[in-house]
Amino acid sequence: MSIVDQLFQLKGKVAIVTGGGRGLGKYMALAFADAGAKVMVCSRKVTACEETVKEIQAMGGEALALSCDVTDPQQVQQAAEKTLETFGKIDILVNNSGATWGADVLEMPLEAWYKVLNVNVTGTFLMSQAVGKHMVEQKYGKIINLSSVAGLNGVDPRVMDAVGYNTSKGALITLTKDLAAKWGRHNINVNAIAPGFFPTKMSKGVLEMGGDRILEQTPLGRFGEDKDIQGVALFLASKASDYVTGEIVVVDGGMNAM
């Protein structure tokens, strides 16, 4: 077996990708399947996840689609149990489900604040807790949380005015580091990806409003593409990252370097 195969292949592994029906979640699910993993994709709207499963099956892979509201502890537990029942174990968890709400800080509705924090932070906690119990028992696991460049610094409101989203993504950075510190002794790696701007359904409004300004602030001069997130996700999910934990990998074309 070549060094590349030893380090990056996921044959025999089982992955859960929340929010795996579209956008970055779908890109990562397809990459894991291509590398040999069996994949469970879930979101509140299962129809999109079923389309991802069809694409994986067309590639010759194995996959499962489930409906799961990550803010509901019962649904989270059921999703973990169904994955175990179907595939026998869980090796990789990608906490990708997310929500956002655009509003001036002074006009941000409290219910919207709660919704965004609940999905992005509480949902990540609940999934990590449910899957983490299994990973602790098997003494192995890779958890990848999706933060954002918006969680690293303040954001120009002309680009994105979404204080709840930015706050939640900053919280995920600390959650990632804390879980890494607590679960390292169980051979569980916990890392985060902080993407910059990728054309997705969620980012459509932001790119329409501030796309030109974003590109001006991005040294590589372009938005992210599917391969840009897939490579990093494969690294963090595979043996290649066995000695990496508690880290935030920024994938933003250099924006954070400015």
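The number of residues in the range 54-98 being in contact (Cβ under 8 Å) with a residue 60 or more places away in the chain and crowded, with 17+ Cβ neighbours inside 10 Å comes to 13.
Only residues that are open to solvent by less than 20 Å² (accessible area, probe 1.4 Å), farther than 20 Å from PRO109 by Cα and either of a type in the set (S, T, N, Q) or not in a helix (DSSP H, G or I) (or both) were counted in the range 160-181, giving 1.
Cβ-Cβ distances below 6 Å connect the following pairs, each with a first residue in the range 14-36 that is under 16 Å from ASN95 (Cβ atoms) and touching a residue at least 12 places away in the same chain (Cβ under 8 Å), a second residue that is β-branched (Val, Ile, Thr) and open to solvent by 20 Å² or more (accessible area, probe 1.4 Å), and a separation of six or more residues or different chains: GLY23/THR200. The set of residues from the range 1-31 being under 28 Å from GLY123 (Cα atoms) and of a type in the set (A, V, I, L, M) comprises LEU10, VAL14, ALA15, ILE16, VAL17, LEU24, MET28, ALA29, LEU30, ALA31. Can you find a residue in the range 229-247 that is open to solvent by 70 Å² or more (accessible area, probe 1.4 Å), without any contact (Cβ under 8 Å) to a residue 60 or more places away in the chain and in a helix (DSSP H, G or I)? No, the conditions are met nowhere in the range 229-247.
Would it be correct to say that GLY254 is under 18 Å from ASN153 (Cβ atoms), over 19 Å from the mean Cα position of the chain (by Cα) and open to solvent by less than 40 Å² (accessible area, probe 1.4 Å)? Yes.
Open to solvent by less than 40 Å² (accessible area, probe 1.4 Å) and of a type in the set (S, T, N, Q), is that true of THR124?
Yes; evaluated as a whole, the condition is true for this residue.
Of the residues screened, VAL41 is not one that is at pLDDT 95 or above, open to solvent by less than 50 Å² (accessible area, probe 1.4 Å), under 27 Å from GLU137 (Cβ atoms) and touching a Phe, Trp or Tyr at 6+ places or on another chain (Cβ under 6 Å).
The values are calculated or read from the model by the stated rules, or taken from the named source; none is laboratory data. Computed from a predicted model, the values in this text were never measured in an experiment. Virtual Cβ from ideal backbone geometry, glycine too; neighbours counted across all protein chains shown. Note: accessible area is taken over every heavy atom of the protein model, side chains too, but ligands, DNA and RNA are not part of it. Shrake-Rupley method; radii C 1.70, N 1.55, O 1.52, S 1.80 Å.
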